[in-house]
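Asks: One structure follows; several queries about it will come next.
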Amino acid sequence: MVKICCIGAGYVGGPTMAVIALKCPAIEVAVVDISASRIAAWNSDQLPIYEAGLDEIVKQCRGKNLLFSTAVEKHVAEADIIFVSVNTPTKTRGLGAGKAADLTYWESAARMIADVSKSNKIVVEKSTVPVKTAEAIEKILTHNSKGIKYQILSNPEFLAEGTAIEDLFNPDRVLIGGRETAEGQKAIQALKQVYANWVPEDRIITTNLWSAELSKLAANAFLAQRISSVNAMSALCEATGANISQVAHAVGKDSRIGPKFLNASVGFGGSCFQKDILNLVYICECNGLPEVANYWKQVIQVNDYQKNRFVNRVVSSMFNTVSGKKIAILGFAFKKDTGDTRETPAIDVCKGLLGDKAHLSIYDVQVTEEQIQRDLSMNKFDWDHPIHLQPASPIGVKQVSVAWDAYEATKGAHGICILTEWDEFKTLDYNKIFDHMHKPAFVFDGRNVVDAEKLRQIGFIVYSIGKPL
Ligand code: NAD
Ligand code: UGA
């Protein structure tokens, strides 16, 4: 029986390994983590992350060929293939702070693998890492090898949160990069065989190590660039009377461009887009390519501009001050169908409004009060170092309260900001909400989810992203 061990039981490690266990009954999969609370949650009925379909898979496989454990060294020692899916946050201090990837967690995992291994291993980079990381990992492993042979593969993950299981079942592609030596190719084939249990062969792409590492950063940069492009256009739409939904539709009809990922928004969030682009920018700078670095930096700058623009619009429309006014925040997660708040645009928008002394009443379908308090009291980039080690320190400001539903959040409010596109925000009883708000009652729809015309008929003043008033 092939044994797989995955170091890191997070958003990627957990679902990815659960699907491998489901699709490959002949493989024994151990998911290990240094966080005892995370492992305990994986072993409970309340999994640490919410993904449609995940619960059923874990229930089906856990205790058979899938286990979650804190016995990191034991399972690493026993495995044939080791996936490393630890967090790779942005460095907060030292060389490259604010841009470069912090590989502390990766390096400590690699050193531990070298310490405990007693047989040859295939080590798979599942985390998103800077191009050439495999070279560094190889050095750590081979210089501490005690005669053991390691093959390093790059197998970046392309799943999106909220659709993780669907993406894992039906990936657009699986990418495997390895050394162009006979041993490297053999390792690629071994990993390919795992995926071939359910992924059609023509969707499994094999490349050299550096192409695989860079393709992941490039894919995220291209995706984020599309959102910044449509968001930049949304500003121009507001200035000219064009409608961003119509423009995006017309542009997306070109089969060379395509219709997906063209929704204007308050800005993109999530744990990876910003981190990976900053990382790409840093790599370009280190390789003496400042023009390329500046090109990609613009994607982040437009995203920051979009979030600021949203806050400015709220404040300026509400007679240039929100001081002491109650603003309902509907949605805090970085996108719908997840409870994840990492780099959510809601954090910047809330901090911007708090800076203008607004009182916020926040409601999200999935995110807990503790998480919201923690996010609003944390410094930029601190969130991924890592979250479970940082106790929530409530900001203790009377300015923020967390509501249990949208009606409670909006009661007595002067304005509503919709920051996540949760489906339930489309079907709220806006007549009832209007009746319980101060007038004029404002709606700032940061996701273009409500029917602005209908709300205007009720009496709301509605601002949508990239649409005429
Ligand atoms: P995460 O923070 O949810 O999980 C990482 C886990 O690794 C944590 O539970 C942490 O405790 C554990 N860990 C850290 N160091 C460890 C060590 N030495 N030994 C054992 N466990 C250790 O992160 P994530 O969202 O799963 O992301 C992991 C990687 O995958 C990142 O590089 C990210 O860029 C990439 N990625 C993420 C997504 C996504 O949707 N979240 C998608 C594709 C790729
Ligand atoms: C993204 C990529 O889609 C995945 O392929 C990748 O594996 C992952 O990053 C990663 O490397 O972490 P994710 O961040 O989970 O996945 O979610 P997306 O659906 O890409 O959304 C990211 C952000 O962009 C969200 O805030 C979303 O609301 C926003 N977005 C997305 C828009 O504003 N407009 C769009 O048209 C699409």
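Asks: Filter the stretch 67-79 down to residues that are in a loop (DSSP other than H, G, I, E, B) and out of contact with any helix residue (DSSP H, G or I) (no Cβ under 8 Å at 6 or more places or on another chain) and give me whichever is surrounded by the most Cβ atoms within 10 Å (Cβ to Cβ).
Replies: Out of the qualifying residues, it is 79.
Asks: Just to verify a result, which residue in the stretch 88-107, among those that are assigned to a loop (DSSP other than H, G, I, E, B) and within 26 Å of residue 149 (Cα to Cα), is nearest to ligand 1 (Cβ to nearest atom)?
Replies: If we take residues in the stretch 88-107 being assigned to a loop (DSSP other than H, G, I, E, B) and within 26 Å of residue 149 (Cα to Cα), then 88 is nearest to ligand 1 (Cβ to nearest atom).
Asks: Checking the condition within 11 Å of ligand 2 (Cβ to nearest atom) and open to solvent by 50 Å² or more (accessible area, probe 1.4 Å), which residue from 261, 319 passes?
Replies: 261
Asks: Residues in the stretch 314-336: is at least one without any contact (Cβ under 8 Å) to a residue 12 or more places away in the chain and part of a helix (DSSP H, G or I)?
Replies: yes
Asks: Restricting to the stretch 248-297, give me the number of residues that are out of contact with any Phe, Trp or Tyr (no Cβ under 6 Å at 6 or more places or on another chain), part of a loop (DSSP other than H, G, I, E, B) and not aromatic (Phe, Trp, Tyr).
Replies: Total meeting the criteria: 18.
Asks: A further question follows. Please find, among 88, 104, the residue that is crowded, with 22+ Cβ neighbours inside 10 Å, within 25 Å of residue 274 (Cβ to Cβ) and either free of Cβ contacts under 8 Å to residues at least 60 places away in the same chain or within 16 Å of ligand 2 (Cβ to nearest atom) (or both).
Replies: 88 is the lone residue from the list that is crowded, with 22+ Cβ neighbours inside 10 Å, within 25 Å of residue 274 (Cβ to Cβ) and either free of Cβ contacts under 8 Å to residues at least 60 places away in the same chain or within 16 Å of ligand 2 (Cβ to nearest atom) (or both).
Asks: Which residues, taken from the stretch 226-258, are among the small types (Gly, Ala, Ser) and either over 18 Å from residue 468 (Cβ atoms) or within 9 Å of ligand 2 (Cβ to nearest atom) (or both)?
Replies: Within the stretch 226-258, 228, 229, 248, 252, 255, 258 meet the criteria.
Asks: Right, here's the next one. Are there any strands (runs of 3 or more DSSP E) wholly within the stretch 108-225 with 3 or more residues that are away from ligand 2 (no atom under 15 Å from the Cβ), over 17 Å from residue 4 (Cβ atoms) and in contact with a helix residue (DSSP H, G or I) (Cβ under 6 Å, 6 or more places away or on another chain), and if so which?
Replies: none
Asks: Specify the residue that is least open to solvent (accessible area, probe 1.4 Å); the eligible residues are those in the stretch 352-395 that are part of a loop (DSSP other than H, G, I, E, B), more than 16 Å from ligand 2 (Cβ to nearest atom) and modelled with pLDDT of 90 or more.
Replies: 358
Asks: A further question on this structure: Can you tell which of 56, 28 is away from ligand 2 (no atom under 16 Å from the Cβ), assigned to a helix (DSSP H, G or I) and closer than 23 Å to residue 198 by Cβ?
Replies: One residue alone meets the criteria, 56.
Asks: When the stretch 136-159 is examined, which residues are found to be in contact (Cβ under 8 Å) with a residue 40 or more places away in the chain and open to solvent by 20 Å² or more (accessible area, probe 1.4 Å)?
Replies: 157, 158, 159
Asks: Next question. When you check residue 230 against the structure, is it among the hydrophobic types (A, V, I, L, M, F, W, C), part of a helix (DSSP H, G or I), modelled with pLDDT of 95 or more and open to solvent by less than 50 Å² (accessible area, probe 1.4 Å), yes or no?
Replies: It is true that residue 230 is among the hydrophobic types (A, V, I, L, M, F, W, C), part of a helix (DSSP H, G or I), modelled with pLDDT of 95 or more and open to solvent by less than 50 Å² (accessible area, probe 1.4 Å).
Asks: Against the definition (away from ligand 1 (no atom under 16 Å from the Cβ), under 27 Å from residue 218 (Cα atoms) and crowded, with 17+ Cβ neighbours inside 10 Å), how does residue 162 come out, yes or no?
Replies: The answer is no for residue 162.
Asks: So, one more: Against the condition open to solvent by less than 20 Å² (accessible area, probe 1.4 Å), within 26 Å of residue 344 (Cβ to Cβ) and in contact (Cβ under 8 Å) with a residue 12 or more places away in the chain, how does residue 217 come out, does it pass?
Replies: yes
Asks: When the stretch 40-49 is examined, which residues are found to be part of a loop (DSSP other than H, G, I, E, B) and surrounded by fewer than 17 Cβ atoms within 10 Å (Cβ to Cβ)?
Replies: Hits for the stretch 40-49 are 43, 44, 45, 46.
Asks: I would also like to ask the following. Pick from the stretch 337-351 the residues that are open to solvent by less than 30 Å² (accessible area, probe 1.4 Å) and in contact with a Gly (Cβ under 6 Å, 6 or more places away or on another chain): which of them is nearest to ligand 1 (Cβ to nearest atom)?
Replies: The selected residue is 338.
Asks: When the residues of the stretch 1-25 are narrowed to those that are open to solvent by 40 Å² or more (accessible area, probe 1.4 Å) and touching a strand residue (DSSP E or B) at 6+ places or on another chain (Cβ under 7 Å), which ends up modelled with the highest pLDDT?
Replies: Selected residue: 3.
Asks: Taking residue 97 as the residue in question, decide whether it is free of Cβ contacts under 8 Å to residues at least 12 places away in the same chain, under 18 Å from residue 20 (Cα atoms) and among the aliphatic types (A, V, I, L, M).
Replies: When the stated conditions are applied, residue 97 does not pass them.
Asks: Restricted to the stretch 325-336, and to residues that are open to solvent by 30 Å² or more (accessible area, probe 1.4 Å) and near ligand 2 (Cβ under 10 Å from one of its atoms), which residue is nearest to the chain's Cα centre (by Cα)?
Replies: Result: 335.
Asks: Those residues that are within 16 Å of ligand 1 (Cβ to nearest atom) and open to solvent by less than 20 Å² (accessible area, probe 1.4 Å), I need them from the stretch 279-299; list them, please.
Replies: Those that are within 16 Å of ligand 1 (Cβ to nearest atom) and open to solvent by less than 20 Å² (accessible area, probe 1.4 Å): 279, 280, 281.
Asks: Has the stretch 55-66 got any residue that is open to solvent by less than 20 Å² (accessible area, probe 1.4 Å) and either within 14 Å of ligand 1 (Cβ to nearest atom) or among the hydroxyl-bearing types (Ser, Thr, Tyr) (or both)?
Replies: Checked against the condition, which is being open to solvent by less than 20 Å² (accessible area, probe 1.4 Å) and either within 14 Å of ligand 1 (Cβ to nearest atom) or among the hydroxyl-bearing types (Ser, Thr, Tyr) (or both), the stretch 55-66 yields no hits at all.
The values are calculated or read from the model by the stated rules, or taken from the named source; none is laboratory data. In this text the structure is predicted, and so the values were computed from the model without any measurement. Positions of Cβ are backbone-derived with ideal geometry, glycine not excepted, and every protein chain shown enters the neighbour counts. Ligands, DNA and RNA are stripped out before the accessible areas are found, and what is left, the full protein with its side chains, is counted by its heavy atoms. Shrake-Rupley method; radii C 1.70, N 1.55, O 1.52, S 1.80 Å.
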